[in-house]
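This report concerns only the one structure given below.
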Amino acid sequence: MKFAEITPGRRFTLGPVRVEEEEIIRFAGQYDDQWFHTDPSAAAQGPFHGLIASGWHTCALAMQLVSRGILAGSESYASPGLNYVKWPTPVRPGDTLVLEIKVQESRRSASQPALGIVRWQWVMNNQHGDTVLDLEATSMFKLAASSGGVLAQ
């Protein structure tokens with residue numbers, strides 16, 4: 001999808017993606033090896049009453065959906081970061097997740113005309129409608145200095 005198609009107010013729905021126990025343990029073992037992500041027996045006795053996915057795993061799942069579903073073939077090249085990230089409900093083995101995205105802003109940079117900027121909110125919910133991820137990201141797109149396109153604030 002091209003930058004000019006990512007317009008303010010536009011919404012995207014991506015997924016679903018199902019999360020399995022082995023994937024939770026594998027990701028956590030490599031990147032976030034806290035016991036409640038890696039040890040089902042200990043996690044069952046812990047505060048979450050079972051194994052939960054790392055929040056970073058949840059972010060990685062969302063990023064995979066966005067990179068394949070929106071950014072593939074685009075001018076996207078970087079992100080300066082997130083304004084916030086929240087994990088209100090843990091992801092558990094067997095959860096099926098859907099990502100809803102709302103474009104809040106899409107504009108050409110005033111100081112660098114060859115730079116497009118998108119600010120968007122990503123909200124991922126499980127099969128029960130519980131929010132497991134809520135973040136606001138800013139993405140940058142490398143544009144031709146003279147390219148057109150409908151851009152708005």
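The P(r) of region 1-82 has a tail past 15 Å containing 66 percent of all C-alpha pairs. Quick one, which of (i) 0.98; (ii) 1.06; (iii) 1.02 is the actual Rg/Rh (Cα atoms, Kirkwood Rh) calculated for this model? The value computed from this structure is option (ii).
Taking region 102-121 and a reference point 7 angstrom along Cα→Cβ of N83, the backbone N atoms nearer than 15 Å belong to 102-107, 117-121.
For region 29-44, the Karplus equation 6.51 cos²θ - 1.76 cosθ + 1.60, evaluated at θ = phi - 60°, returns couplings of x, 8, 10, 7, 7, 6, 4, 6, 9, 10, 10, x, 5, 5, 4, 4 Hz by residue, with Gly and Pro reported as x. Taking θ as phi - 60° and the Karplus parameters 6.51, -1.76 and 1.60, the scalar couplings of region 115-127 work out to 10, x, 10, 10, 10, 9, 9, 10, 10, 10, 10, 8, 5 Hz in sequence order, x denoting glycine and proline. Using a cut-off of under 16 Å, list every residue of region 1-29 whose amide N is near the label point 7 Å from the Cα of A144 along the Cα-to-beta-carbon line. Correct set: 2-5. Summary value for the chain: 29 percent relative contact order, contacts being C-alpha pairs under 8 angstrom separated by 6+ residues. Principal-axis analysis of the Cα atoms of the chain puts helix 55-66 at an angle of about 40° to the longest axis.
Taking label points 7 Å from Cα along the Cα-to-Cβ direction, A60 and Q34 give a separation of 1.6 nm. Each 5 Å bin from zero up to the one holding the largest Cα-Cα distance in region 65-126 carries the following percent of pairs: 4, 12, 21, 25, 17, 11, 6, 3, 2, 0. The modelled label-to-label distance for the pair R26/F48, using points 7 Å beyond Cα in the direction of Cβ, is 1.8 nm. The sum of -39500 (n - 2.57) across all DSSP H runs of n ≥ 4, divided by the residue count of the chain, sets its helix-only mean residue ellipticity at 222 nm to -5500 deg cm²/dmol.
We did not get these values from a lab; they are worked out from the coordinates using the rules stated. What you see is a predicted model; the values in this text were computed from it and never measured. Here the Cβ is made from the backbone with ideal geometry for all residues, glycine too, and neighbour counts use every protein chain on show.
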